[in-house]
Amino acid sequence: MFGPRVAYGLRPNLQISFTSPFHVTHGDHPTGRFTAMMPGVPESEVLVGWRFYQATPGVGTRNEATLYAGGSATTERVPRTDSPPLKREPAAYVALAAGRVARSYDIWAGVGYQRYGEWETGVGDHQSNTLLTSLAVGWRPPFLNKGYPKPDVRLFWETTGEDIGLARLQRIPGSITTGHGHDAKTAVPRPFLSTVIPPPFPGINVLRNSGGTAVFSGPSVLCTYRNLAFQGGVLFAAFDQPNGYQPHETVRAVVGFSYYILGRRK
């Protein structure tokens, strides 16, 4: 995926951001939200962040907590190997992050929840909702503990946990309620649809090959220098239990670049 993001500080403790990721290639994975500040599927999202708590107990040390809220709308229908593409409704997202930043160490914890709506009349499709948790511990080695404008390099160990729900697909009249798809990599037939859900959701199929529970953990790095920032990391699957027959994930990798265009404003 490629994900552009723009953020602007409206007030010292109030920020608004806009993201619009899109797929370079479509993967066969349990579609859900994998990062706190960006959707996991092609959507445009607006988030507002409010830092409601901040304290500076010492020089170069601060404690803070931030609440995030926003919404997203789909920009592309993601192909699936187990069903036709879902007609996703807009989604709402809320998250809370808190942590402590010091000259030699950081620690952060967060939790977020994304829920897709069911508002459009006549559309029974429903994308998987996502519960996301994270914990990050950072360390700045003594030989990198330099003051501005020297580069600031911090090493992290991050752990994320997620619970992605089952997706639902409205059954087309005359279609079967169970069937077989083909794995995108092995071309092995596999079942994909469950039986029709009883009322109050008549004519709706649950996609067994959607969502799951997983825990990923691994190293990452953050380097800032003047108006530039580079961040990257690799997370490995410590626990991966998909709901259905979709392939297991073994590794996730993210690389990001940031440029602060208003960093020199008074």
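Things to note:
- Cα gyration tensor, region 1-139 - rounded (a/c under 1.5), prolate or oblate: prolate
- Highest mean first, the peptides 51-58, 226-233 sorted by other C-beta atoms within 10 Å per residue fall in the order 226-233, 51-58.
- Here the simple spin-label model places points 7 Å from the Cα toward Cβ, and for H248 and L135 these points are separated by 2.3 nm.
- Radius 9 Å from Cβ of P42, net charge of other residues (Lys, Arg +1; Asp, Glu -1): -1
- Taking 16 Å as the cut-off, the amide N atoms of region 34-54 that come nearer than this to a point 7 Å along the Cα-to-beta-carbon line of R11 belong to 48-54.
- Over all other residues within a Cβ to Cβ distance under 11 Å of N145, the charged ones net out to +4, with Lys and Arg as +1 and Asp and Glu as -1.
- For the pair Y113 and Y53, a Förster radius of 22 Å applied to the C-beta separation gives a FRET efficiency near 0.60, rounded to the nearest 0.05.
- Spatial separation of Cα centroids for region 1-51 and region 225-266, in angstrom: 12 Å
- Stretch gain in nm, segment I261-T224, where the contour uses 0.36 nm per residue and the Cα spacing is subtracted: 11.9 nm
- Model label points for A102 and Y148, set 7 angstrom from Cα along the Cα-to-Cβ axis, are 2.2 nm apart.
- Accessible surface of region 224-266 [probe 1.4 Å, protein heavy atoms]: carbon and sulfur percent: 60 percent
- Relative contact order for region 41-172: 19 percent, from Cα pairs under 8 Å spaced at least 6 residues apart, divided by residue count.
The values are calculated or read from the model by the stated rules, or taken from the named source; none is laboratory data. In this text, all values refer to a predicted model and were calculated from it rather than measured experimentally. Methodologically, a virtual Cβ is constructed for each residue, glycine included, from the backbone with ideal geometry; neighbour enumeration extends over all protein chains shown. Areas reflect the complete protein model, heavy atoms only, side chains present, ligands, DNA and RNA absent. Shrake-Rupley method; radii C 1.70, N 1.55, O 1.52, S 1.80 Å.
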